[in-house]
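First the structure, which I've put down as structure tokens, then a few questions once you've had a look.
Where a number appears in this text, it was derived from the coordinates with a stated rule and is not lab data. As the structure is a prediction and not an experimental result, all values here were calculated from the model. Note that we place each Cβ from the backbone using ideal geometry, even for glycine, and neighbour counts take in every protein chain shown.
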Amino acid sequence: MIELREVKKAFNQGQHNEFWALSGISLNIEAKRVTALRGPSGSGKTTLLTLIGCLARPTSGRVSLHGRDISGLPERFLTEIRRKTFGFVFQQFNLIKGMSALENVMLPAYPTGRPHRELKQQAETLLERLRLGHRRDARTEWLSGGEQQRVAIARALINDPEVLIADEPTANLDTALAKEFMAILESFDAEGRTVILTSHDPLVVESTAVHRVVDMRDGKLVER
Amino acid sequence: MSLRPSTNGFIVLALLAGACAACLVDAGLSCESRAADIDAMRAMAGRLGLTDLALFTEARYTRHPSQADLHSAFQDHPLALEHFPSGSLIVPKHADLVRETTTPD
Amino acid sequence: MPIWFERQRHLIDFTLASLMRRKGRNLGLLLVYGLLVFVLASVTLYTHALRHEAAVILEGAPEVVLQRLVAGRHDLIPPGYIERIGRLRGVQQIRGRLWGYYYDAVVKANYTFMVPGDGSVAKGTLIIGPALARQRGLALNNGVSFRSYSGELFSFTVAAVLPQASELASADLVLVNEEDFRAFFAYPAGHYTDVALSVANPKEVRNVAAKLANLLPDSRPILREEMQRTYASVFDWREGIMLALLSAAILAFSILAWEKASGLSADEKREIGILKAIGWETGDIIKMKLWEGGLISVTAFLAGFVAAYVQVFRLGAPLFEPVLKGWAVLYPRFELVPVIDGLQIATLFFFTVFPYMAAVLVPIWRAAVTDPDAVMRA
């Protein structure tokens, strides 16, 4: 489904602090599977995630989605693809402070112009499903870490994306909450969603919910 | 159930726009209803040969600015300083009020 | 269009929810902004209405007033002048005017004594202006005495009080009979204060004035259009003073607004990054911010304008009376006819709304074009 061909990514290119985060990655990610990128920090797994999720463009190489090359598209089209295809759960959750959980969940759908009633209905259903219905009007800074993550997950799902991208989803959670996250992950798998996540948490990468683990080090894939 | 923020915003804006429109309507109506007064004043100006408004009565050149010669500051009234912009900024001191003339000068 | 509309509504929802997070701060900004519009609009509305009223009333003024000057000072018109003007072509009517000032020590105010040309005031009586009647506490048929400049006491009966509606032009008038006037001021017989001329053809007015200046070299003709222009410029500079004083306030507000609108905090930058990462386009963010700027400035403008209108035309402009009326003892009490100059209001709108929107937009532009992957890396 997602194909990467000789993808390289440099930061501060041409300057004295030039740094190659990815140096030639070729990878094929299958649809409806849970794929984990594993590696120490600085291995380039988050950078790879941003390329897959159309948050950034590769310096060289190709990224294609459903056989269509998307690495050279202008920002507007990338944004549209990102909005329709990917849902993101960030490591720091990145919720908008001062707004309610419900508003945060609805945010990604605002630019689509979906009718408000329908949108709100869906956001409520999602929160309900993640057992957060009672917290819908709470401001995000009043939520616990686990609740914040579940709001972030609901937000990632509001546009009903094919692919869910999670960056270090259990890094800020204790074991109980991490297990709860894995349970949610399995339910996505059951729904037939593609999940791509980064982690070095054994609880995640060794779980049966994860179908494939890709190891990374120094911006390269590690062959096993 | 609370309204959407945009609905609240529209309500506020609509109220303000309504008030604004009411002002304009009020202006139109007052202009009509006051037309007779204005006509009467114009007629009085014609009958008496008035050349000025009775806005500022402190001195000759402020009572009848159109009749005063240009650039002259006549201190007819003890409080009248002069006609130039600075006169509007300098308020007379209270001491000046005390030694005011009591007989016609 | 429903999708477009719904999208804009969502953006407005977001921007309002976002503003409500710092409720005190944003309401404060709105208040200061509205106050600024209120003051500016008040000045504009008040001076325009007053100027308009002056222009309309003075349409009734004589076409030409002829003064005689001696050593650069206004002097009496001696006998014979009126007869000499009488032969001038184009002049329809000539009238010697009698008027002067009287300082009333009782209320410490100056009055304008005047003899109406139509002889409508009987001997021994007065017709007085409404502000004067109020100040001296006079009513119909009351007796009133004035000590003349020669020291003699003169008694009069009030025959009428001029209508309150005419106060703007008649506040301090004392209309007297010609005989009384001459006796009271010891005015030499046959002399007049000045001469009012009516000219039938408006195109002839300038010719008549030129001929008058030739015929009577010691005189100064004042045209009606000059009187009207005097009023236009008087309020222009008084308005200018107000604006000059206000410019400090405007500057202070601009700094506040610029700081508020343009100084993007790290939090706001991060939020923009989040919005971009979750699928907002750069254009959506700019539109959202435009709505923010537009809503704040339009709300402030409308509120300020309505408040200014009510203040100026319904409450009698208490804010500007001291500045615009000067510091005379005798204030005319008048209600302005609300004449609104659309162009002035449009100008005010332009100069208050657009700078704010620009201040909102410029920094957002820079922030909104950053890469969305910044949130992941942070």
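Suppose every Lys and Arg Cβ carries +1 and every Asp and Glu Cβ carries -1, with no other charges. What dipole size does the protein assembly as shown come out with about its Cα centre, to the nearest 20 debye?
The calculated dipole for the protein assembly as shown is roughly 1040 debye.
What number comes out for the charge environment of C:E152, summing +1 per Lys or Arg and -1 per Asp or Glu over other residues with Cβ under 14 Å away?
+1
Out of every Cα-Cα pair in region C:339-378, what percent are more than 11 Å apart?
72
Under a point spin-label approximation (7 Å from Cα along Cα-to-Cβ), what is the A:F19-A:K97 distance to one decimal in nm?
Going from the A:F19 label point to the A:K97 one covers 2.5 nm.
Roughly what % of DSSP beta bridges within chain C run antiparallel, to the nearest 5?
80
Running a GNM on chain C with Cα contacts under 10 Å, which residue among C:L69, C:L336, C:L29 ends up with the highest mean-square fluctuation?
C:L69
Semi-axes of the protein assembly as shown's equivalent ellipsoid from the Cα gyration tensor, sqrt of 5 times each eigenvalue, largest first, rounded to whole Å?
84, 24, 20
Is the shape of region C:1-155 rounded, prolate or oblate, going by the alpha carbon gyration tensor and its root eigenvalues a ≥ b ≥ c, with a/c under 1.5 for rounded and a/b larger than b/c for prolate?
prolate
Over all distinct alpha-carbon pairs, what is the Kirkwood Rh of region C:99-255 in angstrom?
18.9
For chain C, what are the DSSP H helices with axial Cα length of 30 Å or more and mean Kyte-Doolittle hydropathy of at least 0.5?
C:23-57, C:282-309, C:342-368
Here's a follow-up. Taking just the alpha carbons, could you work out the radius of gyration and Dmax for chain A, both in angstroms?
17.5, 52
Further, regarding this structure: Excluding A:R114 itself, calculate the net charge of residues whose Cβ lies under 13 Å from the Cβ of A:R114, where each Lys or Arg counts +1 and each Asp or Glu counts -1.
In short, +2.
Tell me, C:W280, C:W4, C:W365, A:W20 in order of fewest to most beta-carbon neighbours within 10 Å?
Listed from fewest to most nearby Cβ atoms, that is C:W4, C:W365, A:W20, C:W280.
Here is a further query. Quick one: divide the alpha-carbon radius of gyration of region A:118-190 by 2.2 N^0.38 Å and tell me what you get.
1.07
I've got another one for you. Can you tell me the alpha carbon radius of gyration of region A:43-169 divided by the globular rule-of-thumb value 2.2 N^0.38 Å?
1.11
Mind giving me the FRET efficiency for C:L246 and C:V107? R0 is 41 Å, r the Cβ-Cβ distance, nearest 0.05 is fine.
So the FRET efficiency works out to roughly 0.75.
For B:R63, C:R9, C:R182, C:R87, what's the fewest-to-most ordering of other Cβ within 10 Å of each Cβ?
C:R87, C:R182, C:R9, B:R63
Using +1 on the beta carbon of Lys and Arg, -1 on that of Asp and Glu, and nothing else charged, what's the dipole of chain A about the Cα centre, debye to 20?
So the magnitude is around 440 debye.
Still on this structure: Report, ordered by chain and residue number, the aspartates and glutamates lying within cross-link reach of A:K9, taken as a straight Cα distance under 16 Å and ignoring same-chain residues fewer than 8 apart.
Straight-line reach from A:K9, under 16 Å: A:E18, A:D218, C:D371, C:D373.
Continuing with the same structure: Given a Förster distance of 60 Å, report the FRET efficiency between C:E268 and C:A210 from their Cβ-Cβ distance, rounded to the nearest 0.05.
It comes out at approximately 0.30.
Given Cα positions, please report Rg to Rh for region C:1-63, the hydrodynamic radius being the Kirkwood one.
Rounded to two decimals, Rg/Rh equals 1.40.
Is the shape of region A:58-115 rounded, prolate or oblate, going by the alpha carbon gyration tensor and its root eigenvalues a ≥ b ≥ c, with a/c under 1.5 for rounded and a/b larger than b/c for prolate?
Because a/c hits 1.5 or more and a/b exceeds b/c, region A:58-115 counts as prolate.
Working from the pairwise distances between different alpha carbons, so that the mean of 1/r is found and then inverted, what is region C:180-221's Kirkwood radius in Å?
12.4
Okay, moving on. I'd like the projected area of region C:165-316, averaged over all directions, using the convex hull of its alpha carbons. Report it in nm² with one decimal.
If you wrap the Cα atoms of region C:165-316 in a convex hull and average its projections, you get 18.4 nm².
Say the dipole of the protein assembly as shown comes from +1 at the beta carbon of Lys and Arg and -1 at that of Asp and Glu; which of C:V115, C:L343, A:H211 then lies farthest toward its positive end?
Sorting the options by dipole projection puts first A:H211.
So how tilted is helix A:116-129 from the main axis of chain A? Cα-based, degrees 0 to 90, rounded to 10.
Its long axis makes an angle of about 80 degrees.
Can you quote the Å³ per residue value for the convex hull of the Cα atoms in region C:290-363, rounded to an integer?
Cα convex hull per residue, to the nearest whole number: 102 Å³.
If I take R0 = 25 Å and measure r between the Cβ atoms of C:D218 and C:E152 in this structure, what FRET efficiency does the formula 1/(1 + (r/R0)^6) give, to the nearest 0.05?
Once rounded, the FRET efficiency stands at 0.20.
Find the eigenvalues of the gyration tensor of the Cα atoms of region B:8-64, then list the square roots of 5 times those eigenvalues as equivalent ellipsoid semi-axes, largest first, in whole angstrom.
After scaling each eigenvalue by five and taking roots: 40, 17, 5 Å.
For A:R217, which sequence-distant residues (separation of 5 or more, or a different chain) have an amide H within less than 5 Å of its own amide H, given hydrogens modelled in the peptide plane?
A:V222
Separate question: Post the alpha-carbon centroid distance, region C:1-39 to region C:155-215, in whole angstrom.
59
While we're on this one: What list do you get for C:T44, A:T125, A:T59 if you sort them by fewest beta carbons within 10 Å?
Fewest-to-most ranking of C:T44, A:T125, A:T59: A:T125, A:T59, C:T44.
Name the most mobile residue of A:F188, A:F86, A:F19, meaning the one with the largest mean-square fluctuation, in a Gaussian network model of chain A with Cα contacts below 10 Å.
Ranking A:F188, A:F86, A:F19 by mean-square fluctuation puts A:F19 first.
Could you please tell me the mean projected area of the C-alpha convex hull for region C:66-152, averaged over all directions and given in square nanometres to one decimal?
8.4
Taking the alpha-carbon set of chain C, what are its Rg and Dmax in Å?
Values for chain C (Cα only, Rg and Dmax): 30.9, 100 Å.
Let me ask something else about it. Kindly flag which residue pairs out of C:K123/C:K211; A:K97/A:K120; A:K220/C:K269; A:K8/C:K276; A:K32/C:K269; A:K45/A:K179 have an alpha-carbon separation exceeding 30 Å in this structure.
Flagged as over cut-off: C:K123/C:K211; A:K220/C:K269; A:K32/C:K269.
Based on the Cα atoms of region A:1-91, what semi-axes does the equivalent ellipsoid have, where each is the square root of 5 times one gyration tensor eigenvalue, given in whole Å with the largest first?
Rounded to whole Å, the semi-axes are 21, 16, 13.
Right, another one. Below 13 Å, Cα to Cα, which aspartates and glutamates can A:K84 reach? Residues fewer than 8 away in the same chain don't count.
A:D160, A:E162, C:E281
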